[in-house]
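Taking it in order: structure first as structure tokens, then the write-up.
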Amino acid sequence: MSEKNVLVVCLNPTFELTVILDSFYENEVNRSGNYFTFPSGKGVNVVRVLTQLGTEATALTHLGGNRVQEFIDLCDAEHIKLAYFTAESPIRTCINIVNNEKKTSTEIVEEPLPVEEGAGARAFDVFDSLLPKTDALIITGTRARGYGADLYPRMVQRAKEKGKLVVLDMRGEDLRLSLASRPDVIKPNLSELMATVENGRVVLENENSDALRETVRSVTKNIFDTYGAKSVISRGKFDTWVYDGSEFFALPNKDVPVVNTIGCGDALTAGMTHRLLAGDSLKEAVSFGMECALKNAQSLRHGLR
């Protein structure tokens, strides 16, 4: 086990129901006896991979509803360490449909119910109590409704004041407001980056976006020049684009059979952070993270095993 400790914040816990189908027909009844549920949400996915890599990690989230103990038990079964506080928003369920005939995985995302007033203060208090023992902070995913827009930026500011490595995998307002506190690395996918910097522009995650390379080079250079944050822009099955503060470059993805793409970005974030804490360059760390993402893509269950 590494001596380093990572705190992963994601205020949007999830049950992931994966259903495997030999074929899928729209507007028809589709039956499957091959399905399973596991704990998810981007924060839990990141902690799962960090733990499998031997880095101590904790997922900070809220838990609510009538399935809290089930979520805790499922995390315990995978040795996923939780730090949680109670909230009225129940744990959502997202559905991943794996179509063996077409070799596709399609996720249906349930938007969570809002948390109650005061949940943000409880979140920050738990965060602040864990931060002193932390070497790195990862904030990932979209916070549930009800949390204030200043919550993630305050966490980033506090972590940077304490000299922690800060990695952000977020988009939109959360990313824009958090940049002012100068995180070390941001890792949105290309779709999230473009929607953040170009007023909701839609770029599909699996479309060939090579034509945007020069635009992204300019955007990521400007982010570094203004805020000191390096950028890692994942693009699904295509090359990952990186700006390391001096150079913009592409790291090629391997073309291999894919079973399930859900959680691949989280595996990249985990693997990259694991190696950054070991002293690797950003290029080396991202390359390792991409290998983790590849392993995740070749398994029906999230993670490296």
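The values are calculated or read from the model by the stated rules, or taken from the named source; none is laboratory data. Given the structure is predicted, the values throughout are model-derived calculations rather than measurements. Glycine also receives a Cβ, built like all others from the backbone with ideal geometry; neighbour counts cover every protein chain displayed. All accessible areas refer to the heavy atoms of the entire protein, side chains included, with ligands and DNA or RNA removed. Shrake-Rupley method; radii C 1.70, N 1.55, O 1.52, S 1.80 Å.
One table, with the values for the structure above:
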{"item": "Test: residue in segment 240-250 that is out of contact with any strand residue (DSSP E or B) (no Cβ under 8 Å at 6 or more places or on another chain), modelled with pLDDT of 95 or more and more than 25 Å from GLU173 (Cα to Cα)", "result": "yes"}
{"item": "Residues satisfying the stated conditions in segment 208-227, i.e. surrounded by 14 or more Cβ atoms within 10 Å (Cβ to Cβ) and either touching a helix residue (DSSP H, G or I) at 6+ places or on another chain (Cβ under 6 Å) or not in a helix (DSSP H, G or I) (or both)", "result": "SER209, VAL219, TYR227"}
{"item": "Considering residues of segment 58-87 that are small (Gly, Ala, Ser) and within 23 Å of GLU117 (Cβ to Cβ) only, the residue most open to solvent (accessible area, probe 1.4 Å)", "result": "GLY65"}
{"item": "Residue match in segment 242-261 (condition: in a helix (DSSP H, G or I) and surrounded by fewer than 17 Cβ atoms within 10 Å (Cβ to Cβ))", "result": "no"}
{"item": "Looking only at segment 107-139, and only at residues there that are charged (D, E, K, R) and open to solvent by 60 Å² or more (accessible area, probe 1.4 Å), the one that is nearest to ALA149 (Cα to Cα)", "result": "GLU117"}
{"item": "Segment 2-40 - residue that is in a loop (DSSP other than H, G, I, E, B) and within 22 Å of the chain's Cα centre (by Cα) and, of those, surrounded by the fewest Cβ atoms within 10 Å (Cβ to Cβ)", "result": "ASN12"}
{"item": "Matching entry among ASP280, ASP266 (being touching a Phe, Trp or Tyr at 6+ places or on another chain (Cβ under 8 Å), within 28 Å of GLU56 (Cα to Cα) and among the acidic types (Asp, Glu))", "result": "ASP280"}
{"item": "Matching residues, segment 187-207, being in a loop (DSSP other than H, G, I, E, B), out of contact with any helix residue (DSSP H, G or I) (no Cβ under 6 Å at 6 or more places or on another chain), open to solvent by less than 50 Å² (accessible area, probe 1.4 Å) and without any contact (Cβ under 8 Å) to a residue 24 or more places away in the chain", "result": "GLY200"}
{"item": "Pairs, first free of Cβ contacts under 8 Å to residues at least 60 places away in the same chain in segment 120-132, second part of a helix (DSSP H, G or I), C-beta under 8 Å, six or more apart", "result": "GLY120/LEU151; PHE124/LEU151; PHE124/ARG154; PHE124/MET155; ASP128/ARG158"}
{"item": "Condition check for THR55: out of contact with any Ser or Thr (no Cβ under 9 Å at 6 or more places or on another chain), at pLDDT 95 or above and buried (at least 16 other Cβ atoms within 10 Å of the Cβ)", "result": "no"}
